[in-house]
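The values are calculated or read from the model by the stated rules, or taken from the named source; none is laboratory data. On a predicted model such as this, the values are computed, not experimentally measured, just so you know. Positions of Cβ are backbone-derived with ideal geometry, glycine not excepted, and every protein chain shown enters the neighbour counts. Keep in mind that these areas ignore ligands, DNA and RNA; they rest on the heavy atoms of the full protein, side chains included. Shrake-Rupley method; radii C 1.70, N 1.55, O 1.52, S 1.80 Å.
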Amino acid sequence: QVQLVESGRGLVQPGGSLRLSCVASGSVFSRYAMGWYRQAPGKQREFVARIISSGSTNYADSVKGRFTISRDNAKNTVYLQMNSLKPEDTAVYYCSAMWLTTTYWGQGTQVTVSS
(Lines give C-alpha, C1' and ligand atoms only; values in the text may rest on other atoms or scores of the structure.)
Protein backbone atom coordinates (compact mmCIF):
# COMPACT_ATOMS: atom_id res chain seq x y z
CA GLN A 1 0.00 0.00 0.00
CA VAL A 2 1.24 3.49 -0.89
CA GLN A 3 -0.07 6.81 0.36
CA LEU A 4 0.57 9.88 -1.78
CA VAL A 5 0.26 13.49 -0.67
CA GLU A 6 0.63 16.32 -3.17
CA SER A 7 1.49 19.92 -2.38
CA GLY A 8 2.28 23.10 -4.29
CA ARG A 9 -1.17 24.18 -5.36
CA GLY A 10 -1.54 27.75 -6.47
CA LEU A 11 -2.67 30.53 -8.74
CA VAL A 12 -0.06 31.76 -11.20
CA GLN A 13 -0.06 34.17 -14.11
CA PRO A 14 0.54 32.97 -17.67
CA GLY A 15 4.23 32.54 -18.27
CA GLY A 16 4.87 31.88 -14.62
CA SER A 17 6.27 28.84 -12.84
CA LEU A 18 5.15 26.47 -10.13
CA ARG A 19 6.60 23.34 -8.54
CA LEU A 20 4.45 20.48 -7.34
CA SER A 21 5.66 17.89 -4.85
CA CYS A 22 4.34 14.47 -3.98
CA VAL A 23 5.51 12.59 -0.92
CA ALA A 24 4.99 8.82 -0.82
CA SER A 25 4.83 6.61 2.24
CA GLY A 26 4.10 3.02 3.04
CA SER A 27 6.28 1.08 0.62
CA VAL A 28 9.61 0.96 -1.20
CA PHE A 29 9.45 4.22 -3.11
CA SER A 30 12.43 3.66 -5.40
CA ARG A 31 10.87 0.72 -7.26
CA TYR A 32 7.75 2.62 -8.30
CA ALA A 33 7.21 4.40 -11.57
CA MET A 34 5.96 7.82 -10.52
CA GLY A 35 3.72 9.97 -12.63
CA TRP A 36 1.73 13.16 -12.84
CA TYR A 37 -1.69 13.37 -14.43
CA ARG A 38 -4.17 16.22 -14.64
CA GLN A 39 -7.88 16.74 -15.04
CA ALA A 40 -9.42 19.97 -16.23
CA PRO A 41 -13.10 20.77 -15.61
CA GLY A 42 -15.32 18.77 -17.92
CA LYS A 43 -12.42 16.74 -19.30
CA GLN A 44 -10.96 13.32 -18.71
CA ARG A 45 -7.83 12.81 -16.67
CA GLU A 46 -4.77 12.94 -18.91
CA PHE A 47 -1.15 11.90 -18.66
CA VAL A 48 1.41 14.65 -18.03
CA ALA A 49 4.76 13.05 -17.16
CA ARG A 50 6.35 9.86 -15.81
CA ILE A 51 9.66 8.89 -14.29
CA ILE A 52 10.65 5.26 -13.76
CA SER A 53 13.02 3.77 -11.22
CA SER A 54 16.03 4.18 -13.53
CA GLY A 55 15.32 7.92 -13.84
CA SER A 56 14.12 7.72 -17.43
CA THR A 57 11.32 10.18 -18.17
CA ASN A 58 8.61 10.79 -20.71
CA TYR A 59 6.16 13.64 -21.23
CA ALA A 60 2.92 14.51 -22.92
CA ASP A 61 3.53 16.52 -26.09
CA SER A 62 1.60 19.44 -24.62
CA VAL A 63 4.14 19.95 -21.81
CA LYS A 64 7.43 18.91 -23.43
CA GLY A 65 10.09 21.56 -22.99
CA ARG A 66 8.08 23.32 -20.28
CA PHE A 67 7.62 20.73 -17.51
CA THR A 68 10.27 18.64 -15.79
CA ILE A 69 9.62 15.60 -13.62
CA SER A 70 12.24 14.47 -11.11
CA ARG A 71 12.48 12.25 -8.08
CA ASP A 72 14.45 12.12 -4.84
CA ASN A 73 14.38 8.54 -3.59
CA ALA A 74 16.02 9.54 -0.30
CA LYS A 75 13.03 11.79 0.43
CA ASN A 76 10.37 9.54 -1.13
CA THR A 77 9.36 12.52 -3.22
CA VAL A 78 8.57 13.22 -6.85
CA TYR A 79 8.46 16.74 -8.25
CA LEU A 80 6.91 18.45 -11.23
CA GLN A 81 8.56 21.72 -12.18
CA MET A 82 6.21 23.67 -14.43
CA ASN A 83 7.52 26.63 -16.40
CA SER A 84 5.98 28.88 -19.06
CA LEU A 85 2.55 28.02 -17.75
CA LYS A 86 -0.47 28.55 -19.97
CA PRO A 87 -4.16 28.97 -19.11
CA GLU A 88 -4.78 25.54 -20.64
CA ASP A 89 -2.56 24.03 -17.95
CA THR A 90 -5.27 24.84 -15.42
CA ALA A 91 -6.38 21.57 -13.82
CA VAL A 92 -6.27 19.40 -10.75
CA TYR A 93 -2.92 17.62 -10.81
CA TYR A 94 -2.66 14.09 -9.46
CA CYS A 95 0.40 12.16 -8.42
CA SER A 96 0.52 8.43 -9.17
CA ALA A 97 2.69 5.49 -8.14
CA MET A 98 2.72 2.44 -10.38
CA TRP A 99 4.07 -1.05 -9.69
CA LEU A 100 3.21 -4.00 -11.93
CA THR A 101 -0.59 -3.86 -12.35
CA THR A 102 -1.33 -1.56 -9.40
CA THR A 103 -1.63 2.21 -9.49
CA TYR A 104 -2.02 4.44 -6.45
CA TRP A 105 -3.31 8.01 -6.60
CA GLY A 106 -2.97 11.11 -4.51
CA GLN A 107 -5.86 13.36 -3.66
CA GLY A 108 -4.94 16.00 -6.23
CA THR A 109 -3.82 19.60 -6.05
CA GLN A 110 -5.30 22.56 -7.91
CA VAL A 111 -3.23 24.59 -10.37
CA THR A 112 -4.82 27.68 -11.86
CA VAL A 113 -3.13 29.75 -14.56
CA SER A 114 -4.87 33.06 -15.02
CA SER A 115 -4.16 36.76 -15.30
Original post:
So how do Arg9, Arg66, Arg50, Arg19 rank on accessible area, 1.4 Å probe, biggest first, that is with the largest at the start?
Top reply: Arg9, Arg19, Arg50, Arg66
**OP:** At 1.4 Å probe size, with no ligands or nucleic acids counted, give the accessible surface of Thr77 in Å², nearest ten.
**Re:** 10 Å²
Subject >> Backbone N within segment 21-41 under 19 Å of label point (7 Å from Phe47 Cα along the Cβ vector) >> reply: 32-40
Subject >> Förster-model FRET efficiency, 22 Å R0, Gln110 and Thr57, C-beta, rounded to 0.05 >> reply: 0.40
**OP:** Be a star and scan segment 13-41 for residues whose amide nitrogen sits under 11 Å from the point 7 Å along the Cα-to-Cβ vector of Trp99.
**Re:** 25-33
Original post:
Can you run phi through the Karplus equation (6.51, -1.76, 1.60; θ = phi - 60°) for segment 31-41 and list ³J(HN,Hα) in whole Hz, with x for Gly and Pro?
Top reply: 7, 7, 7, 9, x, 10, 10, 8, 9, 8, x
